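Trainee: Following this message is one structure expressed as C-alpha cells.
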C-alpha cells in the first residue's frame with residue numbers, strides 16, 4: 001500500500017514548537033512591552049535589541065508562534081464553515097507565517 | 001491502492017451551522033482557545049512594528065513606546081495577555097495528557113504535571129524579566 005506523503009508533520013511540528021514558545025514566553029513579554037515600559041514602571045531605550053543573541057531569541061519568540069497561529073487559525077476557519085475555500089485559507093495562513101518569517105529576519109538584521 | 005466504498009458525493013452530510021460553537025460551553029471554550037493564537041500573533045506583529053522603529057531612529061522607537069501608553073493600546077494588551085495566559089494554561093493541561101510523567105513505575109497525576117509546567121513557566125518568566133532589566137541599558 002502506497003503511503004501518501006504530506007506536509008502535515010512539518011506544519012504540526014512548527015505548530016507544536018510555536019505552542020510551547022507562546023505558552024512559556026509570550027505572557028511575560030506582553031507584560032514588559034504592553035504595560036511595564038508604556039506605563040513607566042521601567043525604561044527601555046531599545047539598546048538590548050542590538051545584541052546578537054537577543055536577536056536570535058526574538059526570531060524564535062516571534063516566528064514560531066506565527067506558525068502556531070497559522071495551523072490553529074486554518075483549522076478554526078475550516079470548522080467555522082469555510083471548508084469550501086480551504087485551499088485559499090491554507091495559502092493565506094501558512095503563506096502569512098512564511099512571509100512573517102522573512103519580514104522578522106529582515107527587521108532583526110536591520111536593527 | 002484505490003479507495004473502496006460509496007461515492008463520497010452521494011453520502012449524506014449533516015449541515016453544521018457556523019455558530020455551532022455557541023451552543024455549548026465546552027465548544028465555546030474550545031473556540032476561545034483556538035482564537036488565543038490570533039491575539040498572540042497580533043501582539044507579536046505590534047512588537048515587530050516597534051522593533052522596526054529601532055532600525056529607523058531612536059526617537060521613532062521612543063515615540064512608538066509613548067503611543068502604547070494610550071487607553072486603547074493598554075486595553076489591547078490586556079486582552080492579549082488574558083488570551084496568552086489562557087493559551088499557556090490550556091497548553092500545559094494538554095501537555096500533561098500528551099507527555100505523561102513517571103517516577104519509576106508510578107504515573108504522576110495530570111493536575112500535578114500541569115502544576116509543574118506552571119511552576120516552570122513562572123521560573124522562565126522571572127528569568128526573562130531579570131535579563132530584560134539587566135540588559136535594557
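Trainee: State all residues of segment B:15-28 that are more than 13 Å from chain A (Cβ to nearest Cβ), assigned to a loop (DSSP other than H, G, I, E, B) and exposed (fewer than 10 other Cβ atoms within 10 Å of the Cβ); if no residue qualifies, say none.
Mentor: If the condition is that a residue be more than 13 Å from chain A (Cβ to nearest Cβ), assigned to a loop (DSSP other than H, G, I, E, B) and exposed (fewer than 10 other Cβ atoms within 10 Å of the Cβ), then B:23 is the only one that fits.
Trainee: Tally time: how many residues in segment A:4-38 are at pLDDT 95 or above, out of contact with any helix residue (DSSP H, G or I) (no Cβ under 7 Å at 6 or more places or on another chain) and over 12 Å from residue B:77 (Cα atoms)?
Mentor: The total comes to 1.
Trainee: From B:96, B:115, B:122, B:134, which residue is more than 14 Å from residue A:30 (Cα to Cα) and over 18 Å from the mean Cα position of the chain (by Cα)? Talk me through it step by step, then tell me what you get.
Mentor: Values: B:96 fails: over 18 Å from the mean Cα position of the chain (by Cα); B:115 fails: over 18 Å from the mean Cα position of the chain (by Cα); B:122 fails: over 18 Å from the mean Cα position of the chain (by Cα).
It is B:134.
Trainee: I'm told residue A:52 meets every condition in (1) more than 18 Å from the chain's Cα centre (by Cα); (2) more than 25 Å from residue B:76 (Cα to Cα); (3) modelled with pLDDT under 90 except one. Can you identify the failing condition by its number?
Mentor: Going through (1) more than 18 Å from the chain's Cα centre (by Cα); (2) more than 25 Å from residue B:76 (Cα to Cα); (3) modelled with pLDDT under 90 one by one, residue A:52 breaks only (3).
Trainee: What residue, of B:76, B:132, B:92, is out of contact with any helix residue (DSSP H, G or I) (no Cβ under 7 Å at 6 or more places or on another chain), assigned to a helix (DSSP H, G or I) and facing chain A (nearest Cβ under 8 Å)? Give the steps one after another, and end with the answer.
Mentor: Working: B:132 fails: out of contact with any helix residue (DSSP H, G or I) (no Cβ under 7 Å at 6 or more places or on another chain); B:92 fails: out of contact with any helix residue (DSSP H, G or I) (no Cβ under 7 Å at 6 or more places or on another chain).
Testing whether each residue is out of contact with any helix residue (DSSP H, G or I) (no Cβ under 7 Å at 6 or more places or on another chain), assigned to a helix (DSSP H, G or I) and facing chain A (nearest Cβ under 8 Å) leaves just B:76.
Trainee: Given the conditions (1) at pLDDT below 90; (2) not in a helix (DSSP H, G or I), report the number of the one that residue B:69 does not fulfil.
Mentor: It fails just one condition, (1).
Trainee: Exactly one condition in (1) more than 7 Å from every other protein chain (Cβ to nearest Cβ); (2) assigned to a loop (DSSP other than H, G, I, E, B) is false for residue A:38; which is it?
Mentor: Result: residue A:38 passes all but (1).
Trainee: State which residue pairs qualify: first residue without any contact (Cβ under 8 Å) to a residue 60 or more places away in the chain and inside segment B:7-20, second residue in a helix (DSSP H, G or I) in any location, beta carbons under 6 Å apart, and separation of 6 or more residues or different chains.
Mentor: From residues that are without any contact (Cβ under 8 Å) to a residue 60 or more places away in the chain, the pairs are B:18/A:80; B:18/A:81.
Trainee: Give just the number: which of (1) buried (at least 20 other Cβ atoms within 10 Å of the Cβ); (2) more than 18 Å from residue B:94 (Cβ to Cβ); (3) within 7 Å of chain B (Cβ to nearest Cβ) does residue A:63 not satisfy?
Mentor: (3)
The values are calculated or read from the model by the stated rules, or taken from the named source; none is laboratory data. None of the values given here were measured: they were computed from a predicted structure. Every residue, glycine among them, receives a Cβ derived from its backbone with ideal geometry; neighbour counts consider all protein chains shown.
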